[in-house]
Every structure is written in C-alpha cells, then in structure tokens.
Amino acid sequence: MRNLKHKTTSAKQSAVTQALLRRMHEGLLLLLCALGFFLLLSLVTYHRADPSWSHQIDQANILNAGGRVGAWLSDFLLYLFGYVTYFFPVIVFQGVFDWYRIYRRLENAPSISWPHLASRMMGFILAMLSATSLLHLYLPAVTHGLPYESGGIIGVAMGNCMLQWFNRVGATIIFLPILLIGATTFKIGFARGI
C-alpha cells in the first residue's frame, strides 16, 4: 500500500514537472520570437541620423522604431557585419521554428550535445566571415543606409587580409567553399536540434 501511494505521488510530481518545463519552453520560444521581431524592426528602421554606437549625435527625436536601444543595436551589428546582419532575424525565427518542431513533446527532447553545438557555432562563424568578406570584395561601394561598408568591418578586415596574398578571384575561390561549408554545418545543426 505504501509503494502504491509513493508511486502515485511520484507520478503527480512528474506531471507537474513536465507541465512546468513545457510552460518554460513555450515562454522561451515567445521571448525569442519577440527578440527576433525587435531585431528585425530595429534593422529595417535603421537611420544614420540616430545617436548610436559608431557616432554620437545630439538629437532628441530618435527615428529608429526600436528606440535608443534599437538604434545602438542595429548600428553595432551593421557596422560589424554589413548587409549580412539582415539574416540574423531570419536565423532567430528559423531557430524558434525548429526548436518548436523538435521539442513539441518534451519526452523527445534530447540532451544538449556540446560537440554538436560547437560545430554549429563554428559553422556560423565560418559563414559570417566568408559572407562578409565576399560582400566587401564584390560590393564595396554599395553602402546605402550602412554605417560602414557592405561587408562591415569584419568583411573589410578579412577581405583585405586575403587580398594581400591572392587576387579577387583567388579570394573568391577560397571564400565560397568556406561559406558553403559553414552554412551547411550551421543548418544541419538546426535541423537536428541542439
């Protein structure tokens, strides 16, 4: 009788724990969706006249829809990564969708694989470095609405480093496979889950 009572209590606690974990999971997904929308809104409404990370302007009226935080965040990301920054909200939304699809049922949620997570981060870094460098190599003069160049400061640094040793075609031959490998590694990580 005592074992039956203990099993019933344990089953109730497990159900409460599962429900709590489910609500925390849904709350995290909603928070990430809100972050993605804020980032998208801040990037789309970026304006050079706003006070931001790369320059200081005394202006009371901030034109960015994300306010002062949105102006600083969008300026910082656009300064670092250039036009590649516009893929960041897409990456956040894709991650939210994949996490929802994979972890719909908490029983199916695998534990975090740290080597897998490290390979995804490495893929992201490789894809960002090569994409920004290619933008710098082929679209350096297209800076409409950017605080710096089309590839950002990272693309300028990596592109110029490669141009010291190779010409533009040679650097492209190196950066394109790196971009494809990085994007594939990063996307496979999303498809499998964390």
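The values are calculated or read from the model by the stated rules, or taken from the named source; none is laboratory data. Because the structure is a prediction, the values reported are computed rather than measured. Every residue, glycine as well, gets a Cβ built from its backbone with ideal geometry; the counts of neighbours run over all protein chains shown. Keep in mind that these areas ignore ligands, DNA and RNA; they rest on the heavy atoms of the full protein, side chains included. Shrake-Rupley method; radii C 1.70, N 1.55, O 1.52, S 1.80 Å.
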SASA check, LEU40, accessible area w/ 1.4 Å probe, all protein chains in place, rounded to nearest 10 Å², comes out at 70
Taking only protein heavy atoms and a 1.4 Å probe, the highest-to-lowest accessible-area order of VAL142, VAL84 is VAL142, VAL84
Show me 145-155, 56-66 ranked by packing, highest mean number of other Cβ atoms within 10 Å first.
145-155, 56-66
Taking the full set of protein chains and a 1.4 angstrom probe, give the accessible area of ASP98 in square angstrom, rounded to the nearest 10.
0
Ellipsoid equivalent to the chain - semi-axes via the Cα gyration tensor, in Å
42, 24, 10
Please give the helix 114-138 orientation as an angle from the longest Cα principal axis of the chain, in degrees from 0 to 90, rounded to the nearest 10.
20
Using a 10 Å Cβ count of at most 12 others and DSSP loop calls, identify the longest part of the chain lacking such trypsin sites (Lys or Arg not before Pro).
1-103
Computed FRET efficiency, Cβ-Cβ of ILE125 and VAL16, R0 41 Å: what is it to the nearest 0.05?
0.50
Accessible area, 1.4 Å probe, largest first: how do TRP99, TRP53, TRP165 sort?
TRP165, TRP53, TRP99
Spelling out what I want: for every residue of segment 15-28, take phi, set θ = phi - 60°, compute 6.51 cos²θ - 1.76 cosθ + 1.60 (Karplus), and round to whole Hz; glycine and proline get x.
5, 5, 5, 4, 5, 5, 5, 5, 5, 5, 4, 5, x, 5
Pick from PHE175, PHE166, PHE93: which is most flexible by mean-square fluctuation in a GNM of the chain where alpha carbon atoms under 10 Å apart are linked?
PHE166
Report, in degrees rounded to the nearest 10, the 0 to 90 angle that the Cα long axis of helix 88-102 makes with the longest principal axis of the chain.
20
Got a sec to turn the phi values of segment 51-60 into Karplus ³J(HN,Hα) couplings, 6.51 cos²θ - 1.76 cosθ + 1.60 with θ = phi - 60°, whole Hz, x for Gly and Pro?
x, 8, 5, 7, 7, 10, 10, 7, 9, 6
Suppose each label sits 7 Å from its Cα in the direction of the beta carbon; what would the PHE88-VAL44 distance come out to in nanometres?
1.7
Quick tally, 1.4 Å probe accessible area for MET24, MET121, MET158, MET128, sorted with the most first, runs MET24, MET121, MET158, MET128
Given a 1.4 Å probe, how much area per residue of the chain is accessible, in Å²?
61
From DSSP H assignment alone, runs of 4+ in the chain each adding -39500 (n - 2.57), the sum over residues rounded to the nearest 500 puts [θ] at 222 nm at -25000 deg cm²/dmol
How far, in nm, would the chain grow between LEU117 and ILE178 when pulled straight, counting 0.36 nm per residue and subtracting the alpha carbon separation?
20.1 nm
